[in-house]
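Asks: If you scroll down you'll find the structure; I have some questions about it.
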Amino acid sequence: MALTFKRSSLAALAITMVISAGLIGCSSKDSSSNSGSAPQNTENVYKEKYDPEVTISTAWGIDPAVTFKNGETIENSVATKWAKEELGININSLWSVTDTNGAFATKVRLSMSSRQDMPDILTIGADQTQLVQDLIDSGMYGEVGDLFDKYASDTWKKAMDIDPTVWNAFIRDGKKMGIPVLDYAYNNDYLLWIRQDWLDALNLKAPTTIAELEQVMDAFKNNNPSGLAPNKVVPLSIGFKNSMNTWMGDPSWIFGASGTLPQQWNLDADGKLVYGSVQPGMKQGLETLRSWFEKGYIPQEVALWDENKTSEPAVAGTAGIIPGPYWMSGWPLTDTVKNDPQAVWKPYAIPTGADGTAMRHGTHFANGVTLIKKDMEHPEAFFTYQNYLFDQFADPAEGSKHDFGLFEGYDYQLDANGNQLRYDQIDGGYVNVLRYLLVRDGARIPDAQMNALLSLADGKEATTRLEREVKANYGLETPAAAKVLVSQEDISYKDMFTGPPTETMKSKLDYLNKIENQTFNEIIYGNKPVDSFDSFVQTWKAGGGDQITEEVNAWYDSVK
């Protein structure tokens, strides 16, 4: 394990420094008249357990869904007791707030503006980009790259190296100003979930191309195996009320078949960032969606449906296909059988365009950032805390200390024979203790969960914590879906711009987004000709889009 490596490395370093100090001492004695330097401090400040104890201050934005047991609170929980007893670290909670309606961000801003004491460690979610930018600009939180290089364990570093671009969002003037909070890979990459029972009843194969998909959708609608009238069937359940680039009911792969992905910045053949929504492939995708709207293949309220709304016809048993993540067989698709006992959902690959092109929106391997206060007394203690979680908990080997979970009686429990009980059998109830930690979800190695799923898909018995966890918590089709997903790993494209809003974005982006959404909706609904896309592109470029493109590429050049 990496922690063992660090222990031995530090021991070796200490021995080397003692020897070096002795040599320096001898040399000084021999040439004392020439030496005026002060003695060097050879103590290594990083420890695996601190004695005397050290303190880390923080502040909490508590997810309303987080629960507690045994009379605990976020300030005094099994996790704070663990940090104190296992690591010699006191967690000092400056304040906490239930994070509804942006309460956490509001409280942080008030603390900054009123010059209150700010936390040593502050972890902020991926949706709070402006708050992160403001905290970095405040000068209160410092550069973290050197600290990470010096103190992070090998396990943590290797996890970060799986996708080094996770740092890009937090680089300012070449300096790493925040540590990315790693998440599981491919969490919101999507594939197609298709009603297998409908395919079988119609003697159809799963579609591999857009043209074949149209044939399947037409059969689902006009010759429905469940006897539904054509106007009661949603062949393809998608929606873009919030975005054309989202996590469930996503339509962006339709444009991907024509070589672009909307509402994100993609790399072109010259290595430059281009905005996907103004690329030529968008026009073909809009024409396709317009045709599907006219034929009733997609919802008539498609522009008003958000992600959760797209799941409703799937659960009701009236949808034939829904794009979504590999884990959807566990939720919400398990509920379909309540409404249609014959329903069987199976995962399939994203279909290609006529020339074999396929693209889907890819998920970033980070979901937030941890900032470290510039004048924090013991910044190395934060790495002691996180190194433990990465080395001992993130992907523990069979039989290790955290093989079943983090805290017994909270996120796991064993019976008298040492067998793990189901989550709903834990005395006093299961609680998600990972939300009690300094970094949300504790420590995640991006590919660890996917590797566990692939092992199960290949027939391996669940023996490790992650394997048991995904087997118990996810739907039966999840391992198979994971295998389908990674079979198309090369078609996943992440949004390549993760920096702070550029100057022109601040003044022009709302307007550009408005005309984009309005134009696309009008084309799909048949209220404007498809050729109106061309005039939209011209307006977008002249209205600030070209300037934003220059600024985005200047940022990209500074971090790549």
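The values are calculated or read from the model by the stated rules, or taken from the named source; none is laboratory data. All of these numbers come straight from a predicted model, not from anything done at the bench. When we count neighbours, we look across all protein chains shown, and the Cβ atoms used for this are built from the backbone with ideal geometry, even at glycine. What goes into the accessible areas is simple: the full protein's heavy atoms, side chains included, and nothing from ligands, DNA or RNA. Shrake-Rupley method; radii C 1.70, N 1.55, O 1.52, S 1.80 Å.
Asks: Which ones in the range 123-162 are of a type in the set (Ser, Thr, Tyr), more than 18 Å from TRP60 (Cα to Cα) and open to solvent by 10 Å² or more (accessible area, probe 1.4 Å)?
Replies: If the condition is that a residue be of a type in the set (Ser, Thr, Tyr), more than 18 Å from TRP60 (Cα to Cα) and open to solvent by 10 Å² or more (accessible area, probe 1.4 Å), then SER138, TYR151, THR155 are the ones that fit.
Asks: Filter the range 225-251 for residues that are open to solvent by 20 Å² or more (accessible area, probe 1.4 Å) and either under 19 Å from ASN521 (Cβ atoms) or part of a loop (DSSP other than H, G, I, E, B) (or both) and give the result.
Replies: PRO225, SER226, GLY227, LEU228, ALA229, VAL234, LYS241, ASN242, SER243, ASN245, TRP247
Residue-wise test of (1) farther than 20 Å from ILE136 by Cβ; (2) among the aliphatic types (A, V, I, L, M); (3) open to solvent by less than 60 Å² (accessible area, probe 1.4 Å).
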position: ASP63; (1), (2), (3): yes, no, yes
position: VAL66; (1), (2), (3): yes, yes, yes
position: ASN70; (1), (2), (3): yes, no, no
position: GLY102; (1), (2), (3): no, no, yes
position: LEU110; (1), (2), (3): no, yes, no
position: GLN116; (1), (2), (3): no, no, no
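Asks: Another question, then. For the range 374-476, which fully contained helices (runs of 4 or more DSSP H) count at least 3 residues that are crowded, with 17+ Cβ neighbours inside 10 Å, at pLDDT 95 or above and under 23 Å from the mean Cα position of the chain (by Cα)?
Replies: 379-392, 448-457
Asks: Tell me, please, whether a residue that is at pLDDT below 95, touching a Lys or Arg at 6+ places or on another chain (Cβ under 8 Å) and surrounded by fewer than 16 Cβ atoms within 10 Å (Cβ to Cβ) can be found in the range 51-59.
Replies: Within the range 51-59 (the criterion being at pLDDT below 95, touching a Lys or Arg at 6+ places or on another chain (Cβ under 8 Å) and surrounded by fewer than 16 Cβ atoms within 10 Å (Cβ to Cβ)), the answer is no, since none of the residues qualifies.
Asks: Output the residue which, of all residues in the range 74-90 that are in contact (Cβ under 8 Å) with a residue 12 or more places away in the chain and open to solvent by 30 Å² or more (accessible area, probe 1.4 Å), is nearest to the chain's Cα centre (by Cα).
Replies: Among those residues, the one meeting the criterion is GLU75.
Asks: When you scan the range 269-283, do you find a residue that is among the aromatic types (Phe, Trp, Tyr) and touching a Leu at 6+ places or on another chain (Cβ under 8 Å), even just one?
Replies: no
Asks: Could I ask something else about it? Looking only at the range 300-323, which residues are open to solvent by less than 50 Å² (accessible area, probe 1.4 Å), in contact (Cβ under 8 Å) with a residue 60 or more places away in the chain and more than 18 Å from PRO262 (Cβ to Cβ)?
Replies: SER311, PRO313, ALA314, GLY317, THR318, ALA319, GLY320, ILE321, ILE322
Asks: A follow-up question, please. Considering only residues that are within 20 Å of HIS378 (Cβ to Cβ), in a loop (DSSP other than H, G, I, E, B) and of a type in the set (Lys, Arg), which ones fall in the range 53-96?
Replies: None - no residue of the range 53-96 is within 20 Å of HIS378 (Cβ to Cβ), in a loop (DSSP other than H, G, I, E, B) and of a type in the set (Lys, Arg), so the list stays empty.
Asks: Taking the conditions exactly as written (over 26 Å from the mean Cα position of the chain (by Cα), surrounded by 21 or more Cβ atoms within 10 Å (Cβ to Cβ) and of a type in the set (D, E, K, R)), does LYS221 satisfy them or not?
Replies: When the stated conditions are applied, LYS221 passes them.
Asks: Could you please find all residues in the range 353-373 being open to solvent by less than 20 Å² (accessible area, probe 1.4 Å), assigned to a strand (DSSP E or B) and farther than 16 Å from ALA59 by Cβ?
Replies: ARG360
Asks: Cβ-Cβ under 9 Å, sequence separation 6+ or interchain: first residue in the range 535-549 and within 19 Å of LYS506 (Cβ to Cβ), partner acidic (Asp, Glu) and open to solvent by less than 60 Å² (accessible area, probe 1.4 Å). Which pairs?
Replies: Pairs that qualify, where the first residue is within 19 Å of LYS506 (Cβ to Cβ) and the partner is acidic (Asp, Glu) and open to solvent by less than 60 Å² (accessible area, probe 1.4 Å), are TRP540/GLU516.
Asks: Working carefully through the options LYS506, LYS560, find the one that is within 28 Å of the chain's Cα centre (by Cα), open to solvent by 50 Å² or more (accessible area, probe 1.4 Å) and over 29 Å from ALA358 (Cβ atoms).
Replies: LYS506
Asks: Has the range 324-335 got any residue that is in a loop (DSSP other than H, G, I, E, B) and surrounded by fewer than 16 Cβ atoms within 10 Å (Cβ to Cβ)?
Replies: Within the range 324-335 (the criterion being in a loop (DSSP other than H, G, I, E, B) and surrounded by fewer than 16 Cβ atoms within 10 Å (Cβ to Cβ)), the answer is yes, since at least one residue qualifies.
Asks: If you don't mind, there's one more thing I want to ask. Is it true that LEU485 is under 23 Å from LEU192 (Cα atoms), open to solvent by less than 30 Å² (accessible area, probe 1.4 Å) and touching a residue at least 24 places away in the same chain (Cβ under 8 Å)?
Replies: Yes.
Asks: Can you give me the number of residues within the range 519-544 that are more than 20 Å from THR129 (Cβ to Cβ) and surrounded by 14 or more Cβ atoms within 10 Å (Cβ to Cβ)?
Replies: So the count comes out to 17.
Asks: Examine the range 339-351 for a residue that is open to solvent by less than 20 Å² (accessible area, probe 1.4 Å), of a type outside the set (A, V, I, L, M, F, W, C) and not in a strand (DSSP E or B), and state whether such a residue exists.
Replies: yes
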